[in-house]
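Please treat every number below as a calculation from the coordinates, not as lab data. In this text the structure is predicted, and so the values were computed from the model without any measurement. So basically every Cβ, Gly included, is an ideal-geometry build from the backbone, and we count neighbours across all protein chains shown.
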Amino acid sequence: MTNWSEIDTYAKAWVKEAGVNIRNSFSKTLTIMTKSSANDLVTDIDQGTEQFFIKKIKEKYPDHRILGEEGFGDQLNNLDGIVWIIDPIDGTMNFVHQQRNFAISIGIYENGEGKIGLIYDVVHDELYHAIKGHGVFMNELELPPLKETEVSKAVIGLNATWVTENKRIDPSLLAPLVKNARGTRSYGSAAIEMAYIASGRVDAYITLRLAPWDFAAGVILIEELGGIATTLKGEPLNLLENNSVFVSKPGLHQEIMKEYLKDGNW
Ligand code: IPD
Ligand code: CA
Ligand code: CA
Ligand code: CA
């Protein structure tokens with residue numbers, strides 16, 4: 001039998017230790033590199049943090065596999081066994097430009113089923129964490145189940161990219177949602193947007209393209225609280241490829257699917 005409580009204890013300790021290392025990096029000079037484009041940033045701290053987790057996990061749990069954004073983990077073509085899906089810094093642009101509004105995100109899965117979710121907002125020292133079936137906590141505070149809401153009362157996490165010309169969605173499709181919602185917000189870290197749904201600060205989050213490490217932890221937190229996580233077509237998320245992602249409180253998910261997304265052809 002897998003001892004999830006032990007894994008959770010180690011994972012939380014490693015996340016906190018990585019957070020201290022990241023905070024200490026603020027007084028040092030960052031090495032900033034680009035990946036797919038001039039705006040796709042990565043730093044030595046992103047890379048070092050991922051390597052830190054891999055070393056810890058491999059020492060303690062040599063049979064666990066790791067999927068990490070920066071590529072220091074394993075090459076996965078299935079989700080068999082226990083898999084850690086790690087984004088060492090989600091919101092690297094915020095990390096570089098603001099030194100805030102970024103998070104460590106770790107989802108731990110067994111045969112594709114979410115077991116432990118951890119999102120650590122390093123600067124605010126807010127650790128959102130869940131073991132499946134045992135509730136969601138923000139630090140020591142247990143978060144209540146998500147209540148139903150509706151578009152007219154909802155604050156929706158949505159990046160302006162998706163209502164301006166882009167290559168994934170007709171910008172006029174989401175414009176009515178922006179107009180009818182109480183408000184929209186864009187935090188620049190998918191993990192933080194999802195942690196904010198868990199804590200009730202935001203009601204839904206919509207984006208056209210995320211990698212598995214961006215949402216692996218967040219969906220565990222949100223589903224544990226009765227929220228809904230799908231693609232924009234309403235289909236299950238695939239942890240082995242990029243997805244559109246629509247996560248929401250209940251009720252609101254159905255309303256947005258039916259009234260705003262059903263005619264989309266992405
Ligand atoms: C990014 C952030 C951002 C989202 C991007 C992601 P990264 O992750 O989550 O909010 O819009 O799609 O790539 O690269 O900072 O880990
Ligand atoms: Ca990145
Ligand atoms: Ca990310
Ligand atoms: Ca990242």
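Here are some notes:
- Fraction of antiparallel bridges per DSSP, the chain only, in percent to nearest 5: 80
- For the range 31-186, the relative contact order works out to 11 percent when only alpha carbon pairs closer than 8 Å and six or more residues apart are counted.
- Net dipole in debye of the range 151-261 [+1 Lys, Arg Cβ; -1 Asp, Glu Cβ; about Cα centre; nearest 20]: 320
- What the phi angles of the range 180-192 give under the Karplus curve with 6.51, -1.76 and 1.60, with θ = phi - 60°, is a coupling list of 8, 6, 4, x, 10, 9, 9, 9, x, 8, 4, 5, 5 Hz, glycine and proline written as x.
- Computed FRET value (nearest 0.05) for Ser152 with Glu113, which takes r as the C-beta separation and R₀ as 25 Å: 0.10
- Highest average packing first - 29-35, 235-241, 6-12, Cβ atoms within 10 Å: 6-12, 235-241, 29-35
- For the chain, alpha-carbon Rg relative to the globular expectation (2.2 N^0.38 Å, N residues): 0.97
- Calculated from backbone phi, Karplus (6.51, -1.76, 1.60) coupling profile of the range 210-215 in Hz, x at Gly/Pro: 9, 8, x, 5, 6, 10
- Qualifying lysines (Cα of each under 20 Å from Cα of Lys147; at least 8 residues distant if same chain): Lys132, Lys249, Lys258
- Relative contact order %, the chain, counting alpha carbon pairs below 8 Å whose residues are six or more apart: 16
- When peptides 38-44, 113-119 are ranked by their average number of other Cβ atoms within 10 Å per residue, the highest-first order is 113-119, 38-44.
- Of the peptides 223-234, 175-186, the ranking by mean beta-carbon count within 10 Å, highest at the top, reads 223-234, 175-186.
- A cut-off of 5 Å between modelled amide H atoms, ignoring neighbours fewer than 5 places along the same chain, links Val123 with Asn101, Phe102.
- Antiparallel DSSP beta bridges within the range 4-142, as percent of all bridges there, nearest 5: 90
- For Val202, the amide hydrogen comes within under 5 Å of the amide hydrogens of Ile197, counting only partners 5 or more places away or on other chains and with H modelled in the peptide plane.
- The alpha carbon centroids of the range 1-79 and the range 136-152 are separated by 27 Å.
- Contact order for the range 111-266, expressed relative to its length and based on alpha carbon pairs under 8 Å spaced 6+ residues apart, stands at 26 percent.
- In terms of its alpha-carbon gyration tensor, the range 4-142 comes out oblate; a/c meets the 1.5 threshold, while b/c is at least as large as a/b.
- Treating r as the C-beta distance of Arg201 and Glu259 and R0 as 25 Å, the FRET efficiency rounds to 0.60.
- Of all aspartates and glutamates in the structure, the ones whose alpha carbon falls short of 15 Å from that of Lys60, not counting any fewer than 8 places away in one chain, are Glu6, Asp8.
- Theoretical gain in end-to-end length, Lys60 to Val20 [0.36 nm per residue, Cα-Cα removed]: 12.3 nm
- Residues Asn78 and Met33, FRET efficiency given R0 of 30 Å [Cβ-Cβ distance, rounded to 0.05]: 0.45
- Lys, Arg +1 and Asp, Glu -1 on Cβ, resulting dipole of the chain about Cα centre, debye, nearest 20: 520
- Within-14-Å neighbourhood charge of Glu224 [Cβ basis; K, R +1; D, E -1]: -1
- Sum of -39500 (n - 2.57) over DSSP H runs of 4+, divided by residues of the chain (222 nm, nearest 500): -9500 deg cm²/dmol
- ³J(HN,Hα), Karplus 6.51/-1.76/1.60, whole Hz, each residue of the range 239-246, x for Gly, Pro: 7, 10, 8, 6, 9, 6, 9, 9
- Inter-label distance, nm, simple model (7 Å from Cα along the C-beta direction), Gln51/Asn166: 3.3
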